[in-house]
């Protein structure tokens with residue numbers, strides 16, 4: 001087993017589909033909104049958005065920067081399908 005970490009594939013939000021499930025991705029965009037109760041934020045790139053769970057990634061003391069909406073942000077992680085039913089706005 002390799003001790004090197006998986007490489008994250010740079011990906012645009014617009015190109016994400018079910019074939020990316022389980023893959024490690026590098027995404028960039030702007031943080032539209034953050035909910036400190038759930039640890040979710042919305043990553044926005046032009047007309048596309050993705051719900052990102054960062055609950056296990058941040059210390060409560062590091063949440064101050066999350067209050068700035070539209071902050072540019074990079075996200076690295078594995079894409080998972082949401083278990084809850086969320087309506088898709090179009």
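Values as computed for the structure displayed
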read-out	value
Test: residue in the stretch 38-47 that is at pLDDT 90 or above and on the phi > 0 side of the Ramachandran plot	yes
Residue identified as touching a residue at least 40 places away in the same chain (Cβ under 8 Å) and at negative phi among 73, 54	73
Yes/no for residue 50 being touching a helix residue (DSSP H, G or I) at 6+ places or on another chain (Cβ under 6 Å), closer than 14 Å to residue 82 by Cβ and modelled with pLDDT of 90 or more	yes
Residue 27 vs. criteria modelled with pLDDT of 95 or more and in a strand (DSSP E or B)	yes
Residues being more than 11 Å from the chain's Cα centre (by Cα) and either assigned to a loop (DSSP other than H, G, I, E, B) or under 15 Å from residue 74 (Cβ atoms) (or both) - total across the stretch 13-23	5
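The values are calculated or read from the model by the stated rules, or taken from the named source; none is laboratory data. In this text, all values refer to a predicted model and were calculated from it rather than measured experimentally. Cβ sites come from the backbone with ideal geometry, for glycine too, and all protein chains shown count toward neighbours.
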